[in-house]
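Written below as structure tokens is the structure these notes are about.
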Amino acid sequence: RFLDYFATRSGQMGYGGYLTVPMFFRTWMEEFQVLQRDVDDVVIYFVARGEPNAAEMGEINDKFRKILGETCRITWEQVAEIPPTIHGKLLYIKSLVTGQH
């Protein structure tokens, strides 16, 4: 499993681990990938293990906005699978802003 870096509005680079911590230990989620499409636009792809928990999703949104900024738009998208990298690993954080994809 690999982590990318993400960009902030101030132009700083953040360690992807900051965005993964709120995602772990969610009984309703099998796996996830956070895609930063722009500094203020993030989509969270997830494979459900059960019924998604709206309260926990809101909690994660709040934590992400503390890191990325209050104006960050966060979208959740349930998918059947998250494609692995060419090396067969799951990329938890992927940024189209930092150019490390």
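The values are calculated or read from the model by the stated rules, or taken from the named source; none is laboratory data. Worth saying up front: this structure is predicted, and the values here are computed from it rather than measured. For neighbour counting, all protein chains shown are included, and Cβ atoms are generated from backbone atoms with ideal geometry for every residue, glycine included. Ligands, DNA and RNA are excluded from the accessible area calculation, which covers all protein heavy atoms including side chains. Shrake-Rupley method; radii C 1.70, N 1.55, O 1.52, S 1.80 Å.
Structure data summary
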{"read-out": "Qualifying residue in the range 4-13 (condition: in contact with a helix residue (DSSP H, G or I) (Cβ under 7 Å, 6 or more places away or on another chain), open to solvent by 10 Å² or more (accessible area, probe 1.4 Å) and either over 20 Å from residue 85 (Cβ atoms) or in contact (Cβ under 8 Å) with a residue 12 or more places away in the chain (or both))", "value": "yes"}
{"read-out": "Matching residues, the range 60-100, being in a loop (DSSP other than H, G, I, E, B), touching a residue at least 12 places away in the same chain (Cβ under 8 Å) and exposed (fewer than 13 other Cβ atoms within 10 Å of the Cβ)", "value": "71, 80, 81, 85, 89"}
{"read-out": "Count - residues of the range 27-59 that are open to solvent by less than 30 Å² (accessible area, probe 1.4 Å), assigned to a loop (DSSP other than H, G, I, E, B) and free of Cβ contacts under 8 Å to residues at least 40 places away in the same chain", "value": "1"}
{"read-out": "Residue match in the range 9-16 (condition: under 11 Å from the mean Cα position of the chain (by Cα), at pLDDT 95 or above and either assigned to a loop (DSSP other than H, G, I, E, B) or not hydroxyl-bearing (Ser, Thr, Tyr) (or both))", "value": "no"}
{"read-out": "Qualifying residue in the range 19-26 (condition: among the hydroxyl-bearing types (Ser, Thr, Tyr), open to solvent by 20 Å² or more (accessible area, probe 1.4 Å) and under 10 Å from the mean Cα position of the chain (by Cα))", "value": "no"}
